[in-house]
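The values are calculated or read from the model by the stated rules, or taken from the named source; none is laboratory data. No experiment lies behind these values; they were computed from the predicted model shown. Counting neighbours? That spans all protein chains shown, and the Cβs are built from the backbone with ideal geometry, glycine included. Just the protein is used for accessible areas: all its heavy atoms, side chains included, with ligands, DNA and RNA removed. Shrake-Rupley method; radii C 1.70, N 1.55, O 1.52, S 1.80 Å.
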Amino acid sequence: MTRSLIQTMRSLPESHATIPVPRGAGFWRKFLAFAGPGWLVAVGYMDPGNWATDIAGGSAFGYALLSVVLLSNLMAIVLQALAARLGIGAGLDLAQACRAYYSRRVSMVLWVLCEIAIVACDLAEVLGTAIALQLLFGLPLVAGVCVTALDVLLILALQRFGFRRLEAFIAALLIIIAGCFALELIWAGPDWRAAARGLVPTAEIVRNPAMLYIAIGILGATVMPHNLYLHSAVVQTRAFGPAEGERREAIRMATIDSTVSLGLAFFINAAILVLAAATFHVAGRTDVAEIEDAHRLLAPMLGVGAASTVFAIALLASGQNSTVTGTLAGQIVMEGFLDLRMPMWLRRVVTRGLALVPAVAVVVVMGDGGATRLLLLSQVILSMQLPFAVIPLVAFTGSGRVMGAHAAPRWLRALAWVIAGVIVVLNAILLWGLAFDR
């Protein structure tokens, strides 16, 4: 693809460079102008899929897997910084970069794999929202799964108010989720010294197949492949200017924005695991792996009647937040890889339809208890897709041909390749274990 054609590409054309950046302003005014894309990205790191893996990990193994949550979050910070660098420095989102610099065959394979990841993520959102509706209103799970199809109306309503309002909506729901878990932790009274020890990784995580399975599920739920595509596009909604200095400043501000936002995501993910460890594991209930069981047991075990309701409200907010960002990611991936523009409502109907079929089938065949198991499996599927998003991202951001003067420095490239290697090795270990039932 010629350079002139690459320069005409625009991610999210209806929102591209629509948010002004004040010239000559101080740090805080500029930071506020750039703040927002990080919150959209952070949503993907605390969606309902995280709940299933964190609850299972905390109840079964106590605080031990907190180290996996921390390491996954640190990996996410580095990879999202690279995604922002690609979007600002090269002016391309990750899907567009793949279409521009890879052969059509390779690009198509990457597109199919990314669509699988988006459907797996949407499956988690469907099940999480349906479970929350059941817990709050007693709605049967099959009916709740079908009701989630209507959230396309929420997407259309948000679109009418502009991108900045959409970011504000996301931030408001994130604050609700964080507030709910702050209350839960106060009621649970965890052993903070034991939690601090859990931040240090141990060899047992790799040696124990059950622990490894959940650990890689946490990785898949934390470092989301579609988030890399999303972030590289939404940073381009800022009108930061074409000059090299303006782009360097934009990269710095976008990195601060995503790092701060992912700090909140770490708090919420860690809070879910700590809550499960402090409430269930210490009481000998190492078998709690279902979101429904956690909801049912929280109030009597904590002695606080509101604990279960607060838990369900946070779950509903999490599912709705993930719905919005998942739709945006789907639009970016389809437009970037195929140059095919589809109305967002139609894109949402297609993606949601692909997720509804397995969700309804599992609930009908396996009953309500199969929902959380499917949630956990969806996160492992996401983890399997990670290398196919991470490796191109690291390669592009380290290339002077793609990035020009904004290529990642050598130390950052080295760190990113180490992270990519860790992800590939962990997935290989999981596949080996699943293949040989180990």
When you go through (1) of a type in the set (D, E, K, R); (2) in contact with a Leu (Cβ under 9 Å, 6 or more places away or on another chain); (3) surrounded by 23 or more Cβ atoms within 10 Å (Cβ to Cβ) one by one for Asp257, which number turns out not to apply?
-> (2)
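Please tell me if Pro300 is over 16 Å from the mean Cα position of the chain (by Cα), surrounded by fewer than 20 Cβ atoms within 10 Å (Cβ to Cβ), without any contact (Cβ under 8 Å) to a residue 60 or more places away in the chain and not in a helix (DSSP H, G or I).
Values: over 16 Å from the mean Cα position of the chain (by Cα): yes; surrounded by fewer than 20 Cβ atoms within 10 Å (Cβ to Cβ): yes; without any contact (Cβ under 8 Å) to a residue 60 or more places away in the chain: yes; not in a helix (DSSP H, G or I): no.
Spelling it out, it is not the case that Pro300 is over 16 Å from the mean Cα position of the chain (by Cα), surrounded by fewer than 20 Cβ atoms within 10 Å (Cβ to Cβ), without any contact (Cβ under 8 Å) to a residue 60 or more places away in the chain and not in a helix (DSSP H, G or I).
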Would you mind telling me which numbered condition in (1) part of a helix (DSSP H, G or I); (2) modelled with pLDDT of 80 or more Gln320 fails?
-> (2)
With the checklist (1) within 30 Å of Trp411 (Cα to Cα); (2) open to solvent by less than 20 Å² (accessible area, probe 1.4 Å) in hand, flag the one item Asn50 doesn't pass.
-> (1)
Checking Thr286 against (1) in contact with a strand residue (DSSP E or B) (Cβ under 8 Å, 6 or more places away or on another chain); (2) more than 18 Å from Leu86 (Cβ to Cβ); (3) hydroxyl-bearing (Ser, Thr, Tyr), which single condition isn't satisfied?
-> (1)
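Modelled with pLDDT under 75 and either closer than 30 Å to Glu244 by Cβ or out of contact with any Ser or Thr (no Cβ under 9 Å at 6 or more places or on another chain) (or both) - does that describe any residue in the range 402-417? Walk me through it before giving the result.
So the first thing to find is which residues in the range 402-417 are modelled with pLDDT under 75, and the list is none.
Checked the range 402-417: no residue is modelled with pLDDT under 75 and either closer than 30 Å to Glu244 by Cβ or out of contact with any Ser or Thr (no Cβ under 9 Å at 6 or more places or on another chain) (or both).
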Failed condition for Arg29, given (1) in a helix (DSSP H, G or I); (2) surrounded by fewer than 22 Cβ atoms within 10 Å (Cβ to Cβ); (3) in contact (Cβ under 8 Å) with a residue 12 or more places away in the chain = (3)
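Do the conditions hold for Ala277, that is, is it modelled with pLDDT of 90 or more and open to solvent by less than 10 Å² (accessible area, probe 1.4 Å)?
On the way: modelled with pLDDT of 90 or more: yes; open to solvent by less than 10 Å² (accessible area, probe 1.4 Å): yes.
The answer is yes for Ala277.
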Of the residues that make up the range 84-94, is at least one in contact with a Lys or Arg (Cβ under 8 Å, 6 or more places away or on another chain), closer than 30 Å to Ala17 by Cβ and either open to solvent by 10 Å² or more (accessible area, probe 1.4 Å) or without any contact (Cβ under 8 Å) to a residue 24 or more places away in the chain (or both)?
-> yes
Check off (1) within 18 Å of Ala215 (Cβ to Cβ); (2) free of Cβ contacts under 8 Å to residues at least 12 places away in the same chain for Met75 and give me the number that stays unchecked.
-> (2)
Can you spot a residue in the range 114-129 that is under 19 Å from the mean Cα position of the chain (by Cα), assigned to a helix (DSSP H, G or I) and surrounded by fewer than 18 Cβ atoms within 10 Å (Cβ to Cβ)?
-> yes
Only residues that are open to solvent by less than 30 Å² (accessible area, probe 1.4 Å) and assigned to a helix (DSSP H, G or I): list them for the range 280-291, please.
-> Ile291
